[in-house]
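This report refers to the structure that appears directly beneath it.
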Amino acid sequence: MSSFSVRFFAPQQPLLPSTASSFKPKTWVMAAPTTAPATSVDVEGGRLEPRVEEREGYFVLKEKFRDGINPQEKIKIEKDPLKLFMEAGIDELAKMSFEDLDKAKATKDDIDVRLKWLGLFHRRKHQYGRFMMRLKLPNGVTTSAQTRYLASVIRKYGKEGCADVTTRQNWQIRGAVLPDVPEILKGLDEVGLTSLQSGMDNVRNPVGNPLAGIDPEEIVDTRPYTNLLSQFITANSRGNPAVANLPRKWNVCVVGSHDLYEHPHINDLAYMPATKNGRFGFNLLVGGFFSAKRCDEAIPLDAWVSADDVIPLCKAVLEAYRDLGYRGNRQKTRMMWLIDELGIEVFRSEVAKRMPQKELERASDEGLVQKQWERRDYLGVHPQKQEGFSYIGIHIPVGRVQADDMDELARLADMYGSGELRLTVEQNIIIPNVENSKLEALPNEPLLKDRFSPQPSILMKGLVACTGNQFCGQAIIETKARALKVTEEVERLVSVSRPVRMHWTGCPNTCGQVQVADIGFMGCMARDENGKPCEGADIFLGGRIGSDSHLGELYKKGVPCKNLVPVVADILVEHFGAVPRQREEAED
């Protein structure tokens, strides 16, 4: 297997207009982070034997560890999914009829499981023969040329084609058919994009500060780190089998802002900026995740790494998880389950021995994220650190865009900015590097006046929704259109004076991240007033993001969707200070 090396660079300021200032962001030195208890766990020596081994360039589960493994692990053993990309297997699949592919077990597994390693998700239940394609878009940064290319792909599929901004600062495009995939992959490469290793048991899109490099208050520009992470994970888009056979999916983020736009507490690995003895680096959080059966916030690893060790640390954590993670019940294969089993100190030692220097420094007490910080709203127009320039955050209702929308967004980025767009985990888009002389004209553009407002209503601005059952076979309810409709109707009933974040997810897999919302809606089957089954939602309350992060808790189960509007209105009045419209009008 050929080796893959990455050169490590100190964070650089972005290429920006020549008038950019040399403004230096403020930093704060904070108290020592709380560390997780060093749980005493007896671990048998054999338990720490790596369960995988390298064979002909790919990592394979050893024979003696194959008892009780889940079906997906068996599929990986039969044929490593990355071979579809690295050995041109996708070209052969694309030449076969879909009906023939579906008849044989091996190729049926290819289209339903292995193609997820190429970012291709078969929509068997609702769009038979069509795929959603998930990209890698580190830090959510994309260009007008890339956006136009993606628009050209989905336009080909008419009403079946559309795109979504995801909760990991990423694009997902919909409607693709298998014969087109080799050409789509070639086109992605030509514009500097990849979909490789973006699904199934791989590392998801590295998340960073959406205001990286332009925020007057930023701690560190996260883009160099998220770019390096993505390059390492995919071996510069060539495919990296060393980290492509994980027990389950795995999320990573690099924090660059006091606002914690990156949501570090729900990532498997989060880099928290901190200095130590005059050196810049990161304290580490590990294990945050959501699943249908369990949701947990990340805990401190009690470790600090220098900026130069961001990739070696990521590699060491992934190797520890790859080597030791449980591969049975899929609901118990996320990394936090391994941390629970080993104890944080044993897990830490396993990471340390996989570092180049075979050790890890303890966490720093010089964290740079200010604890008492009011999270800023990035929607609307805001000054950049570069004198004479601003960015504008625009609201994309529940993240859904069509081909014409994408072309128009690309045009606005070129005409008013530097040809760049930033995606956010709240499914919105930022246009950076807008000359202040153009700020008056930009908000008057028809797209921003009619559909993607920089100043949405107070409830709309905090609305997030997963794909829902329009496309996703696992979703129990429709989410995107319903989220918009319920919010519109609630706004007619009550007046809200402060932001309330409402998240919708179609099923317990919680792609819509309802546990971090002020109010979360998780799709379920309920019963109506006549006892008949109907679409419903479990309601969660109290999720918080930022320095006082906290996962929400179940508030009410099985509310029929048709009854949600008055229930939500009451919740807003009782818990969020909303005022009924009738009372407000009477007081006026």
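Please go through the stretch 249-268 and pick out each residue that is charged (D, E, K, R) and touching a helix residue (DSSP H, G or I) at 6+ places or on another chain (Cβ under 7 Å).
Taking the stretch 249-268 and keeping what is charged (D, E, K, R), we get 249, 259, 262, 268.
Answer for the stretch 249-268, where residues must be charged (D, E, K, R) and touching a helix residue (DSSP H, G or I) at 6+ places or on another chain (Cβ under 7 Å): just ASP268.
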Can you name the number of the only condition in (1) surrounded by fewer than 24 Cβ atoms within 10 Å (Cβ to Cβ); (2) of a type outside the set (Phe, Trp, Tyr); (3) outside any loop (DSSP other than H, G, I, E, B) that LYS125 fails?
(3)
Considering residues that are part of a strand (DSSP E or B) and either open to solvent by 10 Å² or more (accessible area, probe 1.4 Å) or under 13 Å from ILE429 (Cβ atoms) (or both), the number found within the stretch 137-165 is 6
Out of the strands (runs of 3 or more DSSP E) lying entirely within the stretch 245-323, which hold 2 or more residues that are among the hydroxyl-bearing types (Ser, Thr, Tyr) and at pLDDT 95 or above?
269-276
Any residue that is among the basic types (Lys, Arg) and in contact with a strand residue (DSSP E or B) (Cβ under 7 Å, 6 or more places away or on another chain) - is there at least one of those in the stretch 61-82?
yes
Just to be sure, is ARG501 farther than 18 Å from ILE173 by Cα, modelled with pLDDT under 95 and open to solvent by 20 Å² or more (accessible area, probe 1.4 Å)?
yes
Strands (runs of 3 or more DSSP E) contained entirely in the stretch 353-469, each with at least 3 residues that are touching a Gly at 6+ places or on another chain (Cβ under 7 Å)
429-435
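Between LYS532, LYS562, which is touching a residue at least 24 places away in the same chain (Cβ under 8 Å) and open to solvent by 80 Å² or more (accessible area, probe 1.4 Å)?
Numbers: LYS532 fails: touching a residue at least 24 places away in the same chain (Cβ under 8 Å).
Exactly one residue qualifies, and that residue is LYS562.
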Positions within the stretch 300-339 being crowded, with 19+ Cβ neighbours inside 10 Å, under 17 Å from THR226 (Cβ atoms) and acidic (Asp, Glu), in sequence order
ASP309
Select, from ARG168, ARG204, the only residue that is open to solvent by 10 Å² or more (accessible area, probe 1.4 Å), without any contact (Cβ under 8 Å) to a residue 60 or more places away in the chain and under 30 Å from GLU54 (Cβ atoms).
ARG204
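Would you mind stating whether LEU484 is closer than 27 Å to ALA212 by Cα and either outside any loop (DSSP other than H, G, I, E, B) or not assigned by the TED database to the domain that holds TYR261 (or both)? Break it down into steps so the answer makes sense when it comes.
Numbers: closer than 27 Å to ALA212 by Cα: no; either outside any loop (DSSP other than H, G, I, E, B) or not assigned by the TED database to the domain that holds TYR261 (or both): yes.
No.
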Mind checking which pairs have a first residue in the stretch 396-408 that is closer than 14 Å to LYS480 by Cα and not assigned by the TED database to the domain that holds ILE154 and a second that is of a type in the set (Lys, Arg) and in a helix (DSSP H, G or I), Cβ under 6 Å, 6 or more apart or different chains?
VAL398/LYS480; ARG400/LYS480
Restricting the search to the stretch 62-86, which residues are exposed (fewer than 13 other Cβ atoms within 10 Å of the Cβ) and closer than 19 Å to GLU319 by Cβ?
LYS62
Every pair of residues 6+ apart whose Cβ atoms lie under 6 Å, when the first sits in the stretch 362-379 and is polar (S, T, N, Q) while the second is open to solvent by less than 40 Å² (accessible area, probe 1.4 Å) and assigned to a loop (DSSP other than H, G, I, E, B):
GLN370/HIS258
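Only residues that are among the small types (Gly, Ala, Ser) and under 23 Å from GLY473 (Cβ atoms): list them for the stretch 501-544, please. Before the answer, list the steps.
The initial filter retains those residues of the stretch 501-544 that are among the small types (Gly, Ala, Ser), namely 506, 512, 517, 520, 523, 526, 531, 536-537, 542-543.
Within the stretch 501-544, GLY506, GLY512, GLY520, GLY523, ALA526, GLY536, ALA537 qualify.
Counting only residues that are modelled with pLDDT of 80 or more, within 31 Å of the chain's Cα centre (by Cα) and among the charged types (D, E, K, R), which one in the stretch 26-61 is surrounded by the fewest Cβ atoms within 10 Å (Cβ to Cβ)?
First, the residues of the stretch 26-61 that are modelled with pLDDT of 80 or more: 43-44, 46-61.
Then keep just the ones that are within 31 Å of the chain's Cα centre (by Cα); that gives 48, 50-54, 57-61.
With among the charged types (D, E, K, R) added as a condition, the list becomes 51, 53-54.
On the way: ARG51: 20, GLU53: 13, GLU54: 11.
For the stretch 26-61, the residue satisfying everything is GLU54.
The values are calculated or read from the model by the stated rules, or taken from the named source; none is laboratory data. Note that the structure is a prediction, hence the values are computed from the model and not measured. So basically every Cβ, Gly included, is an ideal-geometry build from the backbone, and we count neighbours across all protein chains shown. The accessibility values were calculated without ligands, DNA or RNA, using every heavy atom of the protein model including side chains. Shrake-Rupley method; radii C 1.70, N 1.55, O 1.52, S 1.80 Å.
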